[in-house]
Amino acid sequence: MSAHPVVRLVDDDPDVRAALSMMLRGAGFRIQAFADARALLDAVTPECRGCLIIDVRLGDINGLELQRLLIERRIHLPRLFITGHGDVPLAVEAVSYGALDFLEKPLDDEALIARVEQAIAADREWAIAHEEVTRTEMLIDRLTPRETEVMALMVEGLPSKRIATRLGASVRTIEVHRARVLEKLEVANSAELIRRVVQIPDYNP
């Protein structure tokens, strides 16, 4: 998680871009401004950190379509939409599909700064959790097939005796496998194991 957070602003109005960029830089944020959605899509990767500020009405791709493309590309940056009064329903729809929030024009500087700070904090928390998930997946790959079976039943909350019955092994053998699973996944107990494993999206033992 070494990338510095950057606020990426997408608005096809050059005056709005300039004004918001100046205001946010003055508040201490790193800013990248884009005139259209395609320019943003060319610039961001899943490794980027920070947040996005998107005008719901853009010249090339509207904000909702841009959001869909970002999700497809696994760009998890929190999204703030800015909108005129007539576009509020579009912004509400964007929030229903995962945007963090929307703000109506004319924008209140303090409100926008507060939401940007919250968005960057949310992104930081997501990045930390994502790093842990990635490491957990890597550690699971080190397990033997039998240890993987034992781990899956541990995650279900089964005690050693029931795991032994399920797998046709002795309780002593299962206890050895349990200890190896905990050691290889670098956790102290079954509760910590379960907490880490269930964080993996679409976990399927």
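The values are calculated or read from the model by the stated rules, or taken from the named source; none is laboratory data. For clarity, every value in this text was computed on a predicted model and none was experimentally measured. Cβ sites come from the backbone with ideal geometry, for glycine too, and all protein chains shown count toward neighbours.
Within segment 69-93, can you find the residues that are assigned to a helix (DSSP H, G or I) and over 21 Å from Arg17 (Cα atoms)?
Once the filter is applied, which keeps residues that are assigned to a helix (DSSP H, G or I) and over 21 Å from Arg17 (Cα atoms), segment 69-93 yields Leu69, Ile71, Glu72, Pro89, Val92, Glu93.
Tally up the residues in segment 77-86 that are closer than 25 Å to Glu125 by Cα and either surrounded by fewer than 17 Cβ atoms within 10 Å (Cβ to Cβ) or among the aliphatic types (A, V, I, L, M) (or both), please.
So the count comes out to 3.
Among Leu41, Leu66, which is within 23 Å of the chain's Cα centre (by Cα), under 21 Å from Lys105 (Cβ atoms) and outside any loop (DSSP other than H, G, I, E, B)?
The unique qualifying residue is Leu66.
Listed here are the residues, each with its yes/no results for (1) of a type in the set (A, V, I, L, M); (2) in contact with a Cys (Cβ under 7 Å, 6 or more places away or on another chain); (3) closer than 23 Å to Gly63 by Cα.
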{"position": "Phe102", "(1), (2), (3)": "no, no, yes"}
{"position": "Ile113", "(1), (2), (3)": "yes, no, yes"}
{"position": "Ile128", "(1), (2), (3)": "yes, no, no"}
{"position": "Thr134", "(1), (2), (3)": "no, no, no"}
{"position": "Thr173", "(1), (2), (3)": "no, no, no"}
{"position": "Val181", "(1), (2), (3)": "yes, no, no"}
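Looking at segment 115-165 only, could you name the residues that are within 30 Å of Arg8 (Cα to Cα), touching an Asp or Glu at 6+ places or on another chain (Cβ under 9 Å) and among the small types (Gly, Ala, Ser)?
Scanning segment 115-165 gives a single hit, Ala119.
Can you pull out every residue in segment 169-197 that is outside any helix (DSSP H, G or I), exposed (fewer than 15 other Cβ atoms within 10 Å of the Cβ) and either touching a residue at least 40 places away in the same chain (Cβ under 8 Å) or not polar (S, T, N, Q) (or both)?
Glu186, Ala188
Looking only at segment 87-141, which residues are free of Cβ contacts under 8 Å to residues at least 24 places away in the same chain, loosely packed, with under 14 Cβ neighbours inside 10 Å and farther than 19 Å from Gln67 by Cβ?
Residues satisfying the conditions are Pro106, Asp108, Glu110, Ala111, Ala114, Ala121, Glu125, Thr134, Arg135, Met138, Asp141.
Can you name every residue in segment 154-168 that is without any contact (Cβ under 8 Å) to a residue 40 or more places away in the chain, within 36 Å of the chain's Cα centre (by Cα) and assigned to a helix (DSSP H, G or I)?
Ser160, Ile163
Among the residues of segment 12-30, which ones are closer than 11 Å to Gly50 by Cα and surrounded by fewer than 17 Cβ atoms within 10 Å (Cβ to Cβ)?
Hit for segment 12-30 is Arg30, nothing else.
How about segment 10-40: which of its residues are touching a Gly at 6+ places or on another chain (Cβ under 9 Å) and β-branched (Val, Ile, Thr)?
Result: Val10, single match.
Leu9: surrounded by 17 or more Cβ atoms within 10 Å (Cβ to Cβ) and either assigned to a helix (DSSP H, G or I) or free of Cβ contacts under 8 Å to residues at least 24 places away in the same chain (or both), yes or no?
Against the criterion (surrounded by 17 or more Cβ atoms within 10 Å (Cβ to Cβ) and either assigned to a helix (DSSP H, G or I) or free of Cβ contacts under 8 Å to residues at least 24 places away in the same chain (or both)), Leu9 does not qualify.
In segment 100-145, which residues are basic (Lys, Arg) and either more than 30 Å from Pro89 (Cβ to Cβ) or at pLDDT 95 or above (or both)?
Arg115, Arg124, Arg135, Arg142
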